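What follows is a single structure, written as structure tokens, with notes after it.
The values are calculated or read from the model by the stated rules, or taken from the named source; none is laboratory data. As the structure is a prediction and not an experimental result, all values here were calculated from the model. Because the Cβ atoms are built from the backbone with ideal geometry, glycine has one as well, and the counts that use them run over all protein chains shown. What goes into the accessible areas is simple: the full protein's heavy atoms, side chains included, and nothing from ligands, DNA or RNA. Shrake-Rupley method; radii C 1.70, N 1.55, O 1.52, S 1.80 Å.
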Amino acid sequence: MRLFAAVLPPPEQLDEIGHVVDRLHRLPGADGLRWTSRPGWHLTLAFMGEVDEELLPDLRVRLARAAHRTPSFPLRLHGGGHFGRRALWAGIAGDLDELRLLAERADAAARRAGVPMDEHRRYQAHLTVARARGDGADLHPFLDELGTFEGTRWEVGELALVRSNLPVSGVRGEQPRYEKVDGWPLGGPPEGAG
Ligand code: 2AM
């Protein structure tokens, strides 16, 4: 199955960015973008791609350990950014050092469990709200609106393992469906307890 590790912002914070994205939908050019589906909004920590079922038990143990080693930390959604002309995202502020550490630990957990991971790119925390079709699009009008957004703070308390179900219908613009398959508390109980 296709998997990734993620932080899932709470509903209140997703509503806040949801209101901004509602406004983005009304801007010229919005129909040309593919807007990501809200129930699936997440901050990717480590993308694993197809993972063999037989690796799952060890992967789970290692992700639990990665979560356990990381104390909970504050984040908020803040402003926006883009990857070239292709992806439009909400940015993240708060304890980015701890977020980056959690991403590195999730990546290392997957690697050690035998998941072939891509080479490291610099970790850029983001929440993708839209992707451009074809050759890309001018995302600046959307960035102007996103730029002033300041979300409220929340305490990240969980590392989630999420399954990505790719669309099978062939309907143009259909989005992957994301499904949380497991989660581990940050900081967790002492190892060996229980
Ligand atoms: P994105 O939001 O920047 O597109 C599930 O596909 C999640 O994993 C997405 O949030 C996506 O990031 C991220 N991801 C990272 N590398 C990926 C890859 N090579 N293929 C698909 N998704 C990837």
Task: Members of segment 20-51 that are basic (Lys, Arg) and more than 20 Å from the chain's Cα centre (by Cα) - done: ARG23, ARG26
Open item on the list: Can you tell me which residue is farthest from ALA113 (Cα to Cα) among those in segment 5-23 that are within 16 Å of the ligand (Cβ to nearest atom) and assigned to a helix (DSSP H, G or I)?
Closed with: VAL21
Task: Residues of segment 105-125 classified as closer than 17 Å to LEU161 by Cα, open to solvent by 20 Å² or more (accessible area, probe 1.4 Å) and within 15 Å of the ligand (Cβ to nearest atom), total - done: 3
Open item on the list: out of contact with any strand residue (DSSP E or B) (no Cβ under 9 Å at 6 or more places or on another chain) and free of Cβ contacts under 8 Å to residues at least 24 places away in the same chain: is that true of ARG112 in this structure?
Closed with: no
Open item on the list: Which pairs turn up if I take residues in segment 1-24 that are touching a residue at least 60 places away in the same chain (Cβ under 8 Å) and look for partners that are hydrophobic (A, V, I, L, M, F, W, C) and surrounded by fewer than 14 Cβ atoms within 10 Å (Cβ to Cβ) with beta carbon separation below 7 Å, at least 6 apart in sequence or on another chain?
Closed with: ARG2/LEU166
Task: Extreme residue, modelled with the highest pLDDT, among residues of segment 24-49 that are within 16 Å of the ligand (Cβ to nearest atom) and basic (Lys, Arg) - done: ARG34
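Matching residues to (1) of a type in the set (Phe, Trp, Tyr); (2) open to solvent by less than 30 Å² (accessible area, probe 1.4 Å); (3) in contact with a Phe, Trp or Tyr (Cβ under 9 Å, 6 or more places away or on another chain); (4) closer than 28 Å to ALA109 by Cα:
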{"site": "ALA130", "(1), (2), (3), (4)": "no, yes, yes, no"}
{"site": "ASP138", "(1), (2), (3), (4)": "no, no, no, no"}
{"site": "LEU143", "(1), (2), (3), (4)": "no, yes, no, no"}
{"site": "LEU146", "(1), (2), (3), (4)": "no, yes, yes, no"}
{"site": "PHE149", "(1), (2), (3), (4)": "yes, yes, no, no"}
{"site": "THR152", "(1), (2), (3), (4)": "no, no, no, no"}
{"site": "GLU155", "(1), (2), (3), (4)": "no, no, yes, yes"}
{"site": "GLU158", "(1), (2), (3), (4)": "no, no, yes, yes"}
{"site": "LEU161", "(1), (2), (3), (4)": "no, yes, yes, yes"}
- [ ] Just give me the residues in segment 44-78 being among the acidic types (Asp, Glu) and assigned to a strand (DSSP E or B), in sequence order.
- [x] GLU50
